[in-house]
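Visitor: Structure below; questions to follow.
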Amino acid sequence: MDLSPLAFFEQETLAMLPVTLPVWLGGLWFFFSPRGRLLRPLGWAWLFTAAVIVLLNPRIYYLFPAFPILFAAGGVEWEAWVSRPALRAGFAALVLVVGVTLAPIAVPVLPVESYIHYSQTMHLQQPAIETHRLGPLPQIYADQFGWEEMVVTVSRAYDLLPPEIRAKTAIFGQNYGQAGAIDFFGPKYGLPNAISAHQNYFYWGPRDYTGESMIIMDDRPEVLARLFDHVEKVARVEHQYSMPYQHFDVFHCTGIKMPMEELWPKIKKWN
């Protein structure tokens, strides 16, 4: 997700709960103050980590694990700054109220429909973590839906194949999520392990499949027609709560036009 440094830290502030901004900024201050000199390497480590993430790939959740050290140091610093018990209690109450209000946005404590109604009523939403088009749920929630249903859909298409064809049919996922779902849920439905050219799945190769029969998830017929003699749509994957990019057609393809070992390096995806 392309974010400017300012936009990145705005999203971090929202994700960490806006009213806690003085606490974790106070923690960063502590590491570079005279009182925190022995722990100063932690401050430099946090700044270095944040800079690398912003420069290379600013997805906001990459920095989340680095915040506990700031909150710990910020607690120490604020204890020194705020001596009046009433102020401490007031700030704690403010954090509690805001935290309870935003809790359904941050953690799945509500049923799905209740969450959708709550977020729309409160005009609150999780910070975007990528640039994908969203459905009714933010991506972190939406990515938890539809996987087994997808595998069931693929298994129905697989089971309709004649046994002699089924035995040599590969199941191809366009990304590691699709392939991983087949590998995780697939044994329950009698499916073989998936193959995929996405990220580390690429290194496992096409296994022993020749490509003569493949069930391919999520592609365009015109693309597949350049690779296979016969392309047939056999199913459609959809789920009302999953990410829109996980709504796709499933194809059965036969008659591969080039040897699988020649095709495999050409379809590698590393994104």
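Matching residues to (1) in a helix (DSSP H, G or I); (2) modelled with pLDDT of 90 or more:
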| position | (1), (2) |
| --- | --- |
| D2 | no, no |
| L6 | yes, no |
| P22 | yes, yes |
| W29 | yes, yes |
| W44 | yes, yes |
| P58 | no, no |
| I69 | yes, yes |
| G74 | yes, yes |
| A80 | yes, no |
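Visitor: Given P68, P85, P41, P58, which one is surrounded by fewer than 16 Cβ atoms within 10 Å (Cβ to Cβ) and under 29 Å from P138 (Cβ atoms)?
Guide: None of the others qualify; the one that does is P68.
Visitor: For K168, which of the numbered conditions (1) without any contact (Cβ under 8 Å) to a residue 60 or more places away in the chain; (2) over 30 Å from I116 (Cβ atoms); (3) touching a helix residue (DSSP H, G or I) at 6+ places or on another chain (Cβ under 7 Å) fails to hold?
Guide: (3)
Visitor: When the residues of the range 8-20 are filtered to those that are under 15 Å from F71 (Cβ atoms), assigned to a helix (DSSP H, G or I) and hydrophobic (A, V, I, L, M, F, W, C), which remaining residue is modelled with the highest pLDDT?
Guide: Checked the range 8-20; the qualifying residue modelled with the highest pLDDT is V19.
Visitor: Moving on. Enumerate the pairs (first residue in the range 250-271 and under 21 Å from V237 (Cβ atoms); second residue anywhere and acidic (D, E)) with beta-carbon separation below 7 Å, excluding pairs fewer than 6 apart on the same chain, so at least 6 apart or on different chains.
Guide: The qualifying pairs are F251/D219; F251/E232; H252/E232; T254/E212; T254/D229.
Visitor: Tell me, which strands (runs of 3 or more DSSP E) lie completely within the range 206-271 with 3 or more residues that are among the charged types (D, E, K, R) and farther than 16 Å from I182 by Cβ?
Guide: 228-237
The values are calculated or read from the model by the stated rules, or taken from the named source; none is laboratory data. None of these values were measured; they are calculated from a predicted model. So basically every Cβ, Gly included, is an ideal-geometry build from the backbone, and we count neighbours across all protein chains shown.
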